[in-house]
Structures are given as C-alpha cells and as structure tokens.
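The values are calculated or read from the model by the stated rules, or taken from the named source; none is laboratory data. Computed from a predicted model, the values in this text were never measured in an experiment. Here the Cβ positions follow ideal geometry from the backbone for every residue, glycine too, while neighbour counts run over all protein chains shown.
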Amino acid sequence: MSTPARISTKISIAHPLETGAVLVGVLEQLEPDQPTKGRKIALILHGNYGCGHTLSLRLRRRILILHMLMRITIRHKDYVFQKDLAQRLPLDSFRFDFRGNFESSGKYVSCGFVEDMQDIELVAEHLATVFGYDVALVVAHSRGAMAAFAWLCTSERGRPVPALVNASARYRMDMMSALAAKYSASFAEKGYYDDEVVIARQRVTKRIWPADFAKGPAWDAGIVRTQFPAHTDVLTVHGMKDPAVPPYDAFIYAQILGARAPGTHNLYFIEDADHNFQGHRGEVVDAILQWWELHTQRRLKTGVWQTEPAKGKL
C-alpha cells in the first residue's frame, strides 16, 4: 500500500479576545489518515515588515517596487521561507497569519507583541484540544520571533517546547526610538502614520498609532535572559546585511542562550543575506532541517552553526 501524500488544509480559528477576529492558517500533515493525538507539530510564525525597520526612504521605495514586480509577499504566513519549510519538514506544521494580516481578520497593532503572544497561545491551545498535537518546534521570523521568545518564557503551553528557530529577531528594542523621527511629523499632523506595504501581492495601508508604536522601544526583550527555558535548543539565523535588525543582536542572543544547560544554542550568520533572506531562503531551510535532525538525535552542541555534513560533532 502506498504512503498517502501530505496534504494542506486551511483552518480558521475564532478569536475569543476580539469580537469578529478570526485567525486563518494552513495545517500541513504528513500522514493525514493517521490519528493526530500525541503527534508532534511545528508552529511557523511570520514577521512584520515595517515595525522596527531602519531603512532609508529611498531604499524602502526600491524594495516596495521590487516586491510589486517580483510578486513577493510580506506580513504573510507564506512569505520568506515559511511555506517552503512547511512542505519539507519531517513533521506536521501549522502556519498562520497574525491578527490584521492577510487572511486573518481583527485589528492590526503596530509592535503588538502582546497581541501576537495571544494569537500564538490560541493556536497552540486549538491544536492541542481539537487535534491532540504537542508543539515540538517553533520557527519564527523577525517580530514573530520576538513574540515567540516571550511566549516560551511566560506560557504554560510554551515553556515545554523543546526547540526554537529564531530568524532575524531584534534584541535591543531601544534602538527603535530612532524611528520616531520618521513618524513624528505625521503623528503631530494627523495623530497617526499610514504605512504602505505589499501583502499577498496587494498594496495595503497599515495605520500606526503613537501609543502602539511606543510599545516597541518599551518592550522588554531582557525576559529572554531571565526566564527563557533552560532545556530548549535554539538556532539563531541572521543575515549579515540585514538593514532592519543589526546582526549584532543575533550575537547577543548567542551570548545569552549559549550559557544555558542542557539547552543548546547555535548561531548561523549568512554573509550576503538581508532581513528577509532574499536569495538565500533555500540555505535557511536547509540549515533548519539539518539542525532539527540533530536536535531529534540529541547531538547538538552550543556553538557557531556548521553547514558541512555532520559527523557526530558540531
């Protein structure tokens, strides 16, 4: 009898914390005809282009044009490497749009890390109660990674998660204060700033309110230093030409997380990659798959990630 092919199923989850809000995601299943109770699953989280970016106006315009011409999606469950990874992982996965992004309804909140954590918690609870899944891996990019760090630090469902991939996360949140100059004129004149972005091939305006933006520089990423689970293995991936989040932030995560035991930390810098790993997404997926295999074999050791074939040591 042939093995059934993996299937993708779109799932909607009503949000109990916001009237009318619905989270929409895609469940990838390797063996759809098998029971899901007790099976492991990966959560794959997208980031937020526009919150915390330090791009010049000229560069932002060039990137926007490229996004339009190349039909690249941003703020979306399938953008960057998420969909490719989901279709290659050797375990089931679920990727979804945070509230106010693409297919998920609800209010979009600039720098809404608390709201993102609430969304992650809701999804994890749904997967556990409806399907019986256990979250074994979280892969998160940019703002999604910052929310994932906080969720693993504070949630009863998050703390047992044994593996996390951190792609392009910011640590020094105070550096976002430099963006205030970009928004200040519009804040003063209109009381808000309209950020024009491309989401799923469509030009969309996201409104940024001063009170919401202020949550960014005020966010305490230091919780990773004091509350992150000691047992969780972490892979940090960062582009060395990231114009949005300085690569040094990845080094800070390595310093903090590399000091734990028994959990490990591996740091993987990609020399020519930007914030979204344009032109290097296959490398990111390959690294995650190699790292996950060693995690399942309990062969990880803290250090700089090696892309050569593993021979028992890193």
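Among the residues of this structure, residue 248 counts as one that is surrounded by fewer than 16 Cβ atoms within 10 Å (Cβ to Cβ) and closer than 19 Å to residue 144 by Cα. Can you tell me which residue within the stretch 269-307, out of those that are of a type in the set (A, V, I, L, M) and over 19 Å from the mean Cα position of the chain (by Cα), is farthest from residue 164 (Cα to Cα)? Out of the qualifying residues, it is 304.
Per-residue answers, yes or no, for (1) among the β-branched types (Val, Ile, Thr); (2) in contact (Cβ under 8 Å) with a residue 40 or more places away in the chain; (3) outside any strand (DSSP E or B); (4) in contact with a strand residue (DSSP E or B) (Cβ under 8 Å, 6 or more places away or on another chain):
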site	(1), (2), (3), (4)
231	no, yes, yes, no
245	yes, yes, yes, yes
253	no, yes, yes, yes
266	no, yes, no, yes
286	no, no, yes, no
300	no, yes, yes, yes
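Checking 220, 174, 194, 212 one by one, the residue that is part of a helix (DSSP H, G or I) and out of contact with any helix residue (DSSP H, G or I) (no Cβ under 7 Å at 6 or more places or on another chain) is 212 and no other.
Quick check, is residue 226 surrounded by fewer than 17 Cβ atoms within 10 Å (Cβ to Cβ), at pLDDT below 90 and not in a loop (DSSP other than H, G, I, E, B)? Answer is no for this residue.
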